[in-house]
Each structure stands twice: as structure tokens, then as C-alpha cells.
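Here the structure comes first, spelled out in C-alpha cells, and everything after it is commentary.
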Amino acid sequence: MTATFTVEGLKVAIGAANVLRGVSLEVQPGEVRGLVGESGAGKSMLGRAVLGLLPANAAVTAGRIAFEGRDLLAMAEAERRRLLGRRIALIPQDPMTSLNPVKRIGAQIGNLLRHHLDLSKRTALARAAELLTEVAIREPERVLALYPHEISGGMRQRVLIAMAFACDPALVIADEPTTALDVTVQRQVLQLVERLRLRHGSAVLFVTHDLGVVAKICRSMTVLHAGRVLEEGETANVLTRPRHAYTRALLAATPRADRPAEALRPVPPALIEQLWSEAHRLDDVAAVDAA
Amino acid sequence: MRWGELIRRLVLVPPTLFGVAVIVFVLLRVVPGDPIAMMIPPGASEADIGRLRALYGLDQPILQQFATWLGQVASGDFGRSISVRQRVLELLLARLPATIELALLATMIAVVLGVVAALAGILLRGRRAEWIVDGGIGMLLAIPDFLWALILLLLFGVLIPLLPISGRIDPEIDLNLRSNFYLIESVLAGRFDIAFALLHHMILPAVALALPFAALVARLLKASLAEAEDQDYAQIARARGYSRPNILLHEVFPNALIPTVALGGVQVTLLLGGTVLVERIFSYEGIGNMAIDAVINRDFPLIQGLVLTFAVLFIALNLVVDLVVTMLDPRLRYG
Ligand SMILES: Nc1ncnc2c1ncn2[C@@H]1O[C@H](COP(=O)(O)OP(=O)(O)OP(=O)(O)O)[C@@H](O)[C@H]1O
Ligand SMILES: [Mg+2]
């Protein structure tokens with residue numbers, strides 16, 4: 001089986017600075033992989049390289065990015081544009097700035113559907129309403145007629161999630177989709193991502209620095225540090241037997257309800273226990289939802 | 001703009017006009033120069049001069065003059081022009097449409113040129129050719145409209161005599177139109193031969209007025225486009241597989257239009273001000289051209305009427321700009 005998504009030895013430089021120095025990772029069909037690392041590790045740069053959103057002064061200096069076996073960097077611009085937004089989708093970080101402020105929600109979802117799926121205006125709007133229902137937005141027809149500033153941040157993020165899954169993508173890149181939201185909304189958003197990826201059969205590359213989230217929803221994970229992969233594997237293995245001191249430090253720095261974040265403490269086995277039990281609970285919820 | 005705001009603005013119109021009236025009235029009478037001195041034949045007697053002054057009410061105390069004039073204006077009577085010896089209101093109504101048509105045509109030309117230049121500039125963004133567009137815009141901006149008028153007049157009126165260089169239309173053409181909005185009426189009535197003859201005369205002054213304004217529109221719009229293109233929503237549109245021209249046109253442009261109209265719209269007042277010299281240069285029979293004669297002749301009633309007319313135009317323009325911005329920006333509308 002070909003992997004959905006393969007990155008091999010990817011190097012990205014911004015001017016003289018190497019922000020990615022030979023990153024490799026793989027995402028299998030339907031897999032949810034966590035991409036973790038501290039701020040500045042290069043997580044977003046990896047996502048941007050895939051989506052063709054590198055800043056103007058950045059360049060891929062080496063490596064390969066393949067989607068379903070086809071080299072994204074080598075393919076023609078038009079061909080890549082047919083994949084982006086349809087087979088490869090993005091859930092952005094900041095829902096407040098990620099929707100066009102002067103266009104109605106319906107027009108924004110509708111345009112995406114019409115661009116990739118060649119639907120009529122009316123069918124696109126009907127489909128957009130269905131998508132909003134999928135992300136648990138009540139009165140979808142009313143919301144379609146609203147502008148982004150007329151709905152809450154959590155609702156905007158749900159709209160963006162609906163748009164990411166709109167064309168049944170094989171891969172969704174979620175770049176810290178919950179960091180801009182408050183805690184209660186974060187949980188709903190995570191559950192939605194989990195539910196929609198099951199329903200649409202998508203693999204997810206989930207960028208975060210929250211190991212709790214990784215433990216909850218990611219089967220596998222990759223730890224990035226200063227533009228390099230430090231550690232990689234099944235989430236259970238990495239979290240219970242971190243081979244690298246850096247991963248241990250990250251784990252210890254993960255805050256829990258009963259303990260604030262601390263730097264460089266050995267991983268308490270109880271934490272892992274707790275993270276795992278939460279993870280399985282959520283899986284159950286998702287399985288019920290999908291049925 | 002909300003209803004409350006609109007009403008507030010409308011309520012402010014009369015006091016604004018009153019302020020303008022006071023200023024122009026006082027200035028005219030403080031600055032040296034006297035309409036009577038301009039019109040009397042040499043050798044007129046003191047008594048004749050005195051009688052003329054009395055005829056135009058200039059012998060009264062200034063406060064009395066102002067009160068009388070204000071009373072007349074309130075009832076729609078702007079007095080009689082001293083130099084042309086016609087009613088000021090009639091003169092204004094006859095000439096204003098010519099200026100409005102010229103300004104509208106110039107604005108349309110400027111918007112088309114400005115939008116095309118801005119789009120070309122943004123498409124070339126980051127490439128070396130971008131500076132050609134920026135340089136061209138800078139050059140257009142550096143040359144004022146009356147200089148363009150002279151340049152165009154010399155080029156296309158004298159050097160290569162393609163176009164007429166004076167007037168609004170050939171005097172021998174039988175217009176037979178009902179309003180003084182010749183161009184608008186002839187287009188609406190389908191009389192395109194007349195419309196064409198009018199455009200033939202208007203094109204040079206309109207382009208002269210349009211060029212600096214087009215540069216202003218281009219610069220504002222290009223900067224706004226660049227800023228909007230860097231916003232998250234435009235970046236994310238790229239990740240949805242939309243092509244860059246598509247994003248610029250459908251995602252970025254509607255956003256960039258808002259600051260461009262808000263900042264550039266009020267600059268149409270500059271263009272209106274420019275009509276004074278440009279109409280003069282092309283002997284175009286609008287209120288701008290008339291304003292110069294009025295000032296030369298110290299024609300107090302006419303100057304007062306003209307200044308009030310310009311003030312009304314400026315106020316109306318500002319209102320229209322705010323209304324358009326509200327239409328363009330859903331965040332300013334009631335939810
Ligand atoms: N536009 C840019 N110009 C120059 N350097 C940049 C730019 N954007 C990011 N960088 C640098 O690239 C490196 C990787 O940044 P990246 O945004 O991928 O980090 P990240 O892992 O996503 O961090 P965070 O968790 O804060 O989002 C950082 O060192 C950052 O300083
Ligand atoms: Mg990031």
C-alpha cells in the first residue's frame with residue numbers, strides 16, 4: 001500500500017537559516033499522526049512546504065514531498081492546484097483571520113465546492129448546508145447567509161473544519177487548530193476533527209505542542225526539534241518509553257489539571273496512564289458518532 | 001453607516017454651509033478689490049459710483065449685507081451677478097452640469113486606469129518589472145492636472161491636431177436637448193452623434209484631470225491589495241488550490257477596495273478643485289472656468305454662489321463615499 005503522504009530528507013532554508021534540516025515522515029491512509037515540537041521547531045514550515053505556502057524568501061533546498069506516491073514539488077503548478085483543497089486540505093490555526101471578512105460563509109464554502117467539484121451554485125449551497133450540519137452547526141441555512149464577524153471563534157473554526165473535509169481529502173494538515181480557542185471549545189473541535197476524519201476517511205497530520213492532544217487522537221507521532229526529527233513512532237511507545245531526553249522534557253512540560261507545567265521532570269507513569277485512558281474514551285465516542 | 005449616523009451627518013450640513021458662507025462673505029469684503037471699481041467706465045462721477053454701490057447693497061454695513069443675502073439664499077435666490085448681469089442661480093444651473101459631467105468622466109477614466117495599473121503592479125509583485133509600474137505611477141502623481149492639461153493641449157491640439165482644444169461642443173451643432181446634462185441626456189436618448197461630439201471635446205480636459213487621480217487610485221489600491229494578499233485568508237485560499245489571479249480578483253480585491261474607496265473617494269474633491277484651472281485652459285464652459293472670471297471681476301454674489309456650490313458638492317461627495325464604504329464592508333453594516 002502506498003503511503004498517503006511521504007516526506008523524505010526535506011530541507012528548507014530561509015535566507016542563510018536552515019529551518020528544516022532533513023525531515024522525513026510518513027502518514028498512512030487513515031492514520032492520525034501528531035507532529036510535536038517546541039515553538040520554532042519548524043512544524044508550520046513543514047505544513048507550508050506541503051501546501052505551497054512557504055514565505056517568498058524561503059526555498060526547498062533538498063528532499064521530496066510525495067502525495068499518494070506523486071512528487072508534489074516536481075509536479076506542474078496546475079496539477080498541484082487540483083490536489084490542494086480537494087485531496088490535501090488545511091485546518092488553519094487562527095479562525096479569526098482565516099475566513100474572508102467580506103464574503104458570506106455560504107459563498108466561501110460554495111466557491112470551494114464549485115471550484116473542485118464542479119457543482120451548480122444551488123447544489124453547492126445545499127451541500128454547504130449539509131457540511132455545516134456535520135460540524136454540529138444548528139440552523140445551517142441561516143449561518144450560510146452570515147459574515148464571519150457575525151459568528152463566534154469556535155463556530156468559525158467549525159466552518160473551517162467543514163471546508164477542510166468538504167471534498168473528502170485523503171490528507172488533512174491541521175496546524176494547531178485549537179490553540180486560538182478557549183479550553184471548552186478546544187475539546188469540541190478535537191472531537192469534530194476525530195469524527196469527520198472517520199466519516200471522510202482522511203489521514204491527518206496534526207501539528208501541536210500539546211502532548212495531551214497527541215495522546216488523545218494520534219496513533220503515531222513525530223517529534224521535531226530545531227528542524228530535525230528527534231523521535232518517531234507509535235504514540236504509545238514514544239510516550240511511555242521516550243528514547244530522547246528532549247521528548248522526556250516535552251512530556252514533563254505538559255500541564256495537567258492537577259499540576260502546572262514544569263520543565264525537565266521525569267515522566268510520571270500516572271500521566272501516561274491518564275492520557276491513554278482519555279484517548280480510548282474519545283475513540284469510543286468517535287466510533288459511536290460514526291455509526 | 002447606520003441610520004443614526006446618516007441623520008447626524010445630514011443635520012450637520014446646514015451649520016457647515018453657514019460656516020462656509022460666513023467665511024467667504026467676510027473674506028471677500030476684507031480682501032482689497034471692489035466689484036464696482038471693475039465695472040465703472042473711466043471718468044465716472046462719485047455720485048454714479050455711489051448709486052451703483054447702493055444698487056448692489058454694498059453701501060450697507062457688512063452685517064446688514066450678510067443678513068439680506070442669507071435671507072435671499074434661504075428662499076433660493078442667490079442674487080444677481082454683477083459682471084454677467086444674470087441671476088446667479090441661473091448661471092450656476094446652466095454651468096454646473098458641464099462640470100459634473102467632466103468630473104464624472106474624469107473619475108471614470110481615472111478609476112479604470114488606476115485599477116488596471118494596480119492589478120498589473122500586484123501581478124508583477126516581487127518581480128523586477130514591478131518598479132516600472134511603481135515608477136509610472138510616481139511620475140503621473142508628480143505632474144499636476146493643469147500641467148497635464150497644457151501638455152495634452154500642446155500634444156494633441158497643436159502638434160498633432162487630433163482633438164478640439166476649446167469649448168464643450170461645436171457651436172453649429174443643433175443640440176435640442178432638454179437639460180444641461182448634454183452628455184448624459186444624449187446618451188440616454190440614444191443620440192450618439194451628439195454624445196460623440198461632446199466626448200471629442202471633453203476627452204483632453206478629462207484625461208488631464210484623470211491622470212494624477214488615476215495614479216493616486218493605483219497607488220492606494222496596489223498598497224491595499226498587497227496588504228490584503230498577505231492576510232491569512234488569502235494565503236489559505238492558495239492552499240485551497242485557487243490560482244493567484246483568481247485569489248487577487250475574488251478574495252483580495254473586494255477587501256482592498258474598502259480602504260481604497262475610503263481614502264481615495266474623498267480625493268475626488270481634489271479633482272473637482274482641479275476643474276477650475278483645467279476648464280480655463282480648455283475654455284470649457286463649466287463652473288470652474290466661471291469661477292476665475294468671477295474672481296477677476298470681484299463678482300461678490302457669483303463668487304459666493306460658486307463657493308456654496310462647491311461646498312455642497314464636497315459634502316455630498318463625502319456622504320456618498322461613506323455610503324459606498326458601508327456597502328462594501330459588511331462589518332460596518334447592521335448585523
Ligand atoms: N517568514 C519567516 N522568515 C524568516 N524566518 C521564519 C519565518 N517564519 C518562520 N521562520 C523561522 O522558521 C523556523 C520554524 O518556524 P515554524 O513556524 O515552522 O515553527 P513552529 O514549529 O510552527 O513553531 P510554533 O509552535 O510557534 O508555531 C523558526 O525558527 C522561525 O523563526
Ligand atoms: Mg507554527
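Every read-out reported here was derived from the displayed coordinates using simple, explicitly stated rules and does not represent laboratory data. Computed from a predicted model, the values in this text were never measured in an experiment. All Cβ positions, glycine included, derive from the backbone under ideal geometry; neighbour counts span all protein chains shown.
Assorted remarks:
- The mean count of C-beta atoms from other chains within 10 Å of the C-beta of residues in B:225-237, rounded to a whole number, is 4.
- Anchor A:Lys11: lysines whose Cα lies under 24 Å away (excluding residues fewer than 8 positions away in-chain): A:Lys43
- MRE, 222 nm, helices only [DSSP H, n ≥ 4, -39500 (n - 2.57), over chain A, to nearest 500]: -12500 deg cm²/dmol
- Taken about its Cα centre, chain A carries a charge dipole of about 540 debye when Lys and Arg each add +1 at the Cβ and Asp and Glu each add -1 at the Cβ.
- Each stretch of four or more DSSP H residues adds -39500 (n - 2.57); spread over every residue of chain B, this sum gives -23500 deg cm²/dmol at 222 nm.
- For B:Ala206, the shell of other residues with beta-carbons less than 13 Å away shows a net charge of -2, using +1 for Lys and Arg and -1 for Asp and Glu.
- Antiparallel bridges, percent of DSSP beta bridges restricted to the protein assembly as shown (to nearest 5): 60
- Between the C-alpha center of region B:166-242 and that of region B:269-318 there is a gap of 21 Å.
- Packing-based order for A:131-140, A:38-47, A:198-207, using average beta carbon neighbours within 10 Å, highest first: A:198-207, A:38-47, A:131-140
- Each of A:His209, B:Ser75, B:Gly121 was placed along the dipole of the protein assembly as shown (beta-carbon charges, centred on the mean Cα), and the one lying farthest toward the positive end is A:His209.
- Nearby lysines by direct alpha-carbon distance to A:Lys121 (threshold 22 angstrom, same-chain neighbours under 8 apart not counted): A:Lys103
- Fully extending the segment from B:His250 to B:Leu10 would add 82.9 nm, taking 0.36 nm per residue of separation and subtracting the current Cα-Cα distance.
- The trypsin sites (Lys or Arg not before Pro) of region B:282-335 that meet both conditions, a loop assignment by DSSP and at most 16 other Cβ atoms within 10 Å of the site Cβ, are B:Arg333.
- Across peptide A:95-101, the mean count of Cβ atoms from other chains lying within 10 Å of each residue's own Cβ comes to 5.
- Here the dipole of region B:96-297 is about 660 debye; that uses its Cα centre as origin and unit charges on the Cβ of Lys and Arg (positive) and Asp and Glu (negative).
- Charge dipole (Cα centre; +1 on Lys/Arg Cβ, -1 on Asp/Glu Cβ; no other charges) of region B:227-306 amounts to roughly 120 debye.
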